[in-house]
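I have placed the structure first, in the form of structure tokens, so that the comments after it can refer back to it.
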Amino acid sequence: MNKTGVFGLAFLAVSVATILSSCHDKRSRGLEYAPNMYYPIAYNPDQKNKNFENGITAQVPPAGTTPIGFTRFDEFPNTAEGYEAASASVVNPLPVTKENLAQGKHLYVVMCGPCHGKDGSGNGHIVELGKYPAPPSYATGNSSRGGAMKDLTDGKIYHTIQYGLNLMGSYASQLSPEERWKVVMYVHQLQKGQQ
């Protein structure tokens with residue numbers, strides 16, 4: 001057999017093999033290097049799950065559990081009694097340092113400043129629009145819960161950040177517990193009339 005015949009026979013064999021190999025299961029991805037990337041082991045949250053009685057994968061956490069990285073404040077409920085109890089027993093665990101005060105100031109300006117103002121006098125941008133009443137000044141105003149704003153304790157400020165008050169909503173989802181304490185620390189500076 002000559003070279004052309006051998007070459008033609010080899011080409012024909014490769015062509016037939018290619019056609020035959022492409023005719024089997026169309027759903028097959030062929031050789032898979034890491035099959036668990038294609039077929040996940042874990043259930044998707046919206047997928048049915050035979051391991052639970054109700055057949056739902058996304059289960060509600062058991063009562064009384066605490067998510068990782070979450071700090072509970074349940075012992076001080078969102079009531080007047082909880083507010084007073086927090087005032088009496090909650091103390092800022094962070095040391096007063098230049099770094100903590102600087103971070104507290106930044107968080108305050110970003111989160112609280114639009115309403116309370118940069119200096120805590122209640123003249124923030126939202127108030128200047130004229131659509132909302134001004135919150136009381138930290139240095140000279142009176143709290144809607146009674147008493148002077150300059151006398152607010154760590155616990156009262158933290159409780160208010162946690163739950164909100166009047167038109168102020170809760171900032172528990174925007175500020176971590178450590179960030180809240182830094183804001184509390186900076187608010188104390190504003191109560192003294194310092195920035």
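The values are calculated or read from the model by the stated rules, or taken from the named source; none is laboratory data. A quick note: this is a predicted structure, and the numbers were derived from the prediction, not measured. For neighbour counting, all protein chains shown are included, and Cβ atoms are generated from backbone atoms with ideal geometry for every residue, glycine included.
The figures follow:
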{"read-out": "Given (1) out of contact with any Leu (no Cβ under 7 Å at 6 or more places or on another chain); (2) under 17 Å from Pro177 (Cβ atoms), number of the condition Glu84 does not satisfy", "value": "(2)"}
{"read-out": "Output for the stretch 48-69, where each listed residue is within 25 Å of Ser173 (Cβ to Cβ) and not β-branched (Val, Ile, Thr)", "value": "Ala58, Gln59, Pro61, Pro62, Ala63, Gly64, Pro67, Gly69"}
{"read-out": "Any hit, the stretch 166-188, residues being of a type in the set (Lys, Arg) and over 23 Å from the mean Cα position of the chain (by Cα)", "value": "no"}
{"read-out": "Some residue of the stretch 21-37 being at pLDDT 75 or above and either of a type in the set (Asp, Glu) or surrounded by 10 or more Cβ atoms within 10 Å (Cβ to Cβ) (or both)", "value": "no"}
{"read-out": "Qualifying residues in the stretch 123-152 (those that are among the polar types (S, T, N, Q) and surrounded by fewer than 19 Cβ atoms within 10 Å (Cβ to Cβ)) - the one farthest from Leu167 (Cα to Cα)", "value": "Thr140"}
{"read-out": "Residues of the stretch 163-183 classified as buried (at least 17 other Cβ atoms within 10 Å of the Cβ) and either in contact with a Leu (Cβ under 9 Å, 6 or more places away or on another chain) or hydrophobic (A, V, I, L, M, F, W, C) (or both), total", "value": "7"}
{"read-out": "Residues satisfying the stated conditions in the stretch 154-195, i.e. closer than 19 Å to Gly113 by Cβ, touching a helix residue (DSSP H, G or I) at 6+ places or on another chain (Cβ under 6 Å), part of a helix (DSSP H, G or I) and not hydroxyl-bearing (Ser, Thr, Tyr)", "value": "Ile157, Ile161, Glu179, Arg180, Lys182, Val183, Val184, Met185, Val187, Gln191"}
